Each structure stands twice: as structure tokens, then as C-alpha cells.
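**Q** This is the structure, below, for whatever I ask next.
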Amino acid sequence: MLTTIGNTSIHPDEPVKIMGIINVSPESFYQNSIKRTENEIQDTLSEMEASGVDIIDVGGMSTAPYLRTIIPVELEIKRLFNAVSAIRQISDIPISIDTPRSDVVRSLLKLEINAINDVTGLKYDTKMSKLAYENDLPIIIGAHISNNVNSYYSGDVHDTLSLIRDSITIAQKSNIDLDNMIVDPSIGFFRQSGNSPFFSRIKGMEWYIRDLEILSNIEMFKSLSIPLCVSISRKSFIQSLFGLNVEDRLIPSIISEVHCAIHGASLIRTHNVKETRQALDMLNLLRE
């Protein structure tokens with residue numbers, strides 16, 4: 001299954017693509033990813049393009065499950081409008097919008113955005129799937145348990161696949177084609193408790209063990225026959241496993257990304273574009 005975001009094709013038989021993260025949300029967990037001014041955004045974009053990024057993912061509101069970060073829709077729109085405008089002044093690179101809220105996406109349509117990254121898999125905002133279809137926007141579908149679901153979930157690989165299949169069904173009911181979908185197992189979003197409406201509540205398994213199990217079995221997501229995105233970069237499961245602060249999580253992040261690239265990921269979402277590109281280029285040389 002081939003998915004195209006802007007002029008970038010994403011397919012298991014093609015080299016793994018890199019999605020660089022630019023956050024304009026001061027509440028985001030990794031402070032070095034936060035860019036507040038037009039110059040900071042444009043300088044970061046230029047650095048990422050020089051390092052070989054393929055797509056930019058822009059976030060205006062942190063969805064970290066352990067933070068109280070929900071902000072008014074109007075503020076998220078303002079942040080993202082300014083950021084995307086700054087990018088479009090200097091580049092036609094494909095842009096994904098990291099938001100679970102359809103009103104935010106709708107406000108950005110005139111800026112030539114190219115995809116939606118919805119960590120809730122179309123389950124938080126029921127208008128998102130229709131909006132994506134009507135505007136022919138590819139959607140990155142995160143694995144998510146809706147707040148109104150009381151069933152028992154451990155968040156293991158079988159649960160995660162089932163939750164993604166539910167979101168695929170939601171997308172298909174809005175006539176979104178499979179070749180406009182990418183799936184994401186939502187590393188970091190499955191927790192026993194949280195402060196954000198965007199996390200998935202689980203029982204019976206420590207959340208960081210859940211993330212480790214998902215990554216260990218990442219090749220099972222090939223069964224969906226849809227390109228796979230993984231977002232691992234500097235996430236807190238690494239802290240739980242090794243006691244590392246966010247600034248010290250680069251090496252475990254890169255190793256995890258390479259593991260996923262070997263076992264079926266087609267898109268790597270990362271803060272560390274330069275290092276991830278070097279790692280994937282080395283992997284490609286070894287494979288050749």
C-alpha cells in the first residue's frame with residue numbers, strides 16, 4: 001500500500017522516510033523541540049532540510065499523557081497558523097499537522113498542509129474523518145482507547161492492533177481510502193493514569209513494558225498492510241527503563257528507530273533528524 005504526503009511517497013518497499021518534529025507549544029515535554037519565533041522555526045526547518053528530512057510534523061498543543069496541557073482551540077490555531085505560515089515562506093516541504101481537533105485542521109487548509117497526525121485515531125473528534133476525506137488529506141492513525149470505553153485493555157500488541165483496526169473502520173466509513181492512511185502504535189500514550197484527554201487507560205501491564213512489547217513485536221503491524229509510522233524519539237519509556245533524562249535519550253531512541261526500520265516501519269517521526277538520517281543511511285548501505 002502506497003501513501004503519499006505531498007510529494008513524498010511512503011511504502012514498505014521504499015527507503016524509510018523521516019518526519020521531523022517542530023513544536024510551537026511551550027508545554028511540550030522536550031524543550032529543545034520548542035520553537036516560538038518565526039526565525040527559530042525557519043532556522044530549524046533549514047537545518048532539518050539540510051539533514052535530509054522528508055516531512056515536517058508541526059504541533060501546537062502537547063498531547064503528552066502525563067501533562068495538563070489542553071489549551072483553547074483558538075490558541076492552538078494561532079500557534080499553528082503562524083508556524084505553518086513561517087514554513088511556507090521558505091519551503092514547500094510536506095507538512096503534517098499534529099492535532100486531534102478538526103477545527104484546528106480546518107483553519108489551516110489554505111496554507112497547503114498535506115496530512116493530519118491524529119494521536120486518537122479519529123476517536124476524539126468525530127468530525128475529523130469527514131474533514132480528512134473532503135480535503136483528500138492523508139491521516140496518521142494513532143492507536144487509542146476512547147474515554148467512554150470501559151472494556152479491559154492491557155495495551156499489548158493484540159489490543160493495539162485491534163484499536164487501530166477500529167480506527168481504520170471509522171476512516172473507511174467516511175470513504176477514506178486505505179492509501180490515504182498510515183498507522184502509529186502510539187508509543188507513550190498508554191498509561192494507568194494521566195492528565196490529558198488523549199491518553200489510553202490500561203490495566204495489568206506497566207505502561208513502559210507495554211511500549212517495549214510493542215517495539216519488540218513491531219513487525220506484527222505488517223498484518224495491517226498499511227504503512228507504519230513510529231514515534232519513539234526521547235520518550236519517557238526510555239527514562240523508566242534506564243533512568244535517563246530527556247537530554248540523554250538519544251542513543252536508545254536511535255537504536256529503537258533502526259530496529260523499527262528493520263522490522264517494517266516506513267516513517268520515523270523524530271526530534272533528531274540529523275542523527276536519524278545518518279543511522280538510516282548506514283542501515284541502507286549495510287542492506288545493499
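The values are calculated or read from the model by the stated rules, or taken from the named source; none is laboratory data. Everything numeric here is computed off the predicted structure, so don't read it as measured data. Here the Cβ is made from the backbone with ideal geometry for all residues, glycine too, and neighbour counts use every protein chain on show.
**Q** From the list Ser167, Ser85, Ser146, Ser107, pick out the single residue that is of a type in the set (Ser, Thr, Tyr) and closer than 24 Å to Val53 by Cα. Talk me through it step by step, then tell me what you get.
**A** Values: Ser167 fails: closer than 24 Å to Val53 by Cα; Ser146 fails: closer than 24 Å to Val53 by Cα; Ser107 fails: closer than 24 Å to Val53 by Cα.
Answer to the check: Ser85.
**Q** Anything in segment 24-53 that is touching a Lys or Arg at 6+ places or on another chain (Cβ under 7 Å) and either touching a residue at least 60 places away in the same chain (Cβ under 8 Å) or not in a loop (DSSP other than H, G, I, E, B) (or both)? List them, or say none.
**A** Selection gives Tyr30, Ile41, Thr44, Ser51, Gly52.
**Q** While we're looking at this one, here's another question. Which one of Ile95, Ile71, Ile90, Ile113 is at pLDDT 95 or above and over 23 Å from Asp184 (Cα atoms)? Don't jump to the end; show me each part of the working.
**A** Details: Ile95 fails: over 23 Å from Asp184 (Cα atoms); Ile71 fails: at pLDDT 95 or above; Ile113 fails: over 23 Å from Asp184 (Cα atoms).
Of the residues listed, the single one that is at pLDDT 95 or above and over 23 Å from Asp184 (Cα atoms) is Ile90.
**Q** Please find, within segment 54-68, the residue that is modelled with the highest pLDDT out of those that are among the aliphatic types (A, V, I, L, M) and part of a loop (DSSP other than H, G, I, E, B). Quick ask: steps written out before the conclusion?
**A** From segment 54-68, those among the aliphatic types (A, V, I, L, M) are 55-56, 58, 61, 64, 67; that's our starting set.
Among the residues that remain, those that are also part of a loop (DSSP other than H, G, I, E, B) are: 61, 64, 67.
Numbers: Met61: 92, Ala64: 77, Leu67: 70.
Out of the qualifying residues, it is Met61.
**Q** Run Ala279 past the list (1) among the small types (Gly, Ala, Ser); (2) in contact with a strand residue (DSSP E or B) (Cβ under 7 Å, 6 or more places away or on another chain); (3) closer than 19 Å to Ile55 by Cα and report the number of the one that doesn't hold.
**A** (2)
**Q** Take the residues in segment 80-91 that are in contact with a strand residue (DSSP E or B) (Cβ under 9 Å, 6 or more places away or on another chain) and surrounded by 15 or more Cβ atoms within 10 Å (Cβ to Cβ); name whichever of them is nearest to Glu27 (Cα to Cα). Quick ask: steps written out before the conclusion?
**A** Residues of segment 80-91 in contact with a strand residue (DSSP E or B) (Cβ under 9 Å, 6 or more places away or on another chain): 80, 83-84, 87-88, 91.
Still in the running and surrounded by 15 or more Cβ atoms within 10 Å (Cβ to Cβ): 80, 83-84, 87, 91.
Values: Leu80: 14, Ala83: 16, Val84: 19, Ile87: 21, Ser91: 26 Å.
Restricting to residues being in contact with a strand residue (DSSP E or B) (Cβ under 9 Å, 6 or more places away or on another chain) and surrounded by 15 or more Cβ atoms within 10 Å (Cβ to Cβ), the top hit is Leu80.
**Q** Within segment 84-185, considering only helices (runs of 4 or more DSSP H) that don't extend past its boundaries, which have at least 1 residues that are of a type outside the set (S, T, N, Q), more than 30 Å from Asn39 (Cβ to Cβ) and in contact with an Asp or Glu (Cβ under 8 Å, 6 or more places away or on another chain)?
**A** Numbers: elements: 102-108, 128-134, 157-173.
Per the criteria, 128-134, 157-173.
**Q** If only one of Ile182, Ile218 is in contact with a Cys (Cβ under 7 Å, 6 or more places away or on another chain), under 15 Å from Asp159 (Cα atoms), of a type in the set (A, V, I, L, M) and buried (at least 16 other Cβ atoms within 10 Å of the Cβ), which one is it?
**A** Just a single option satisfies the conditions, and that option is Ile218.
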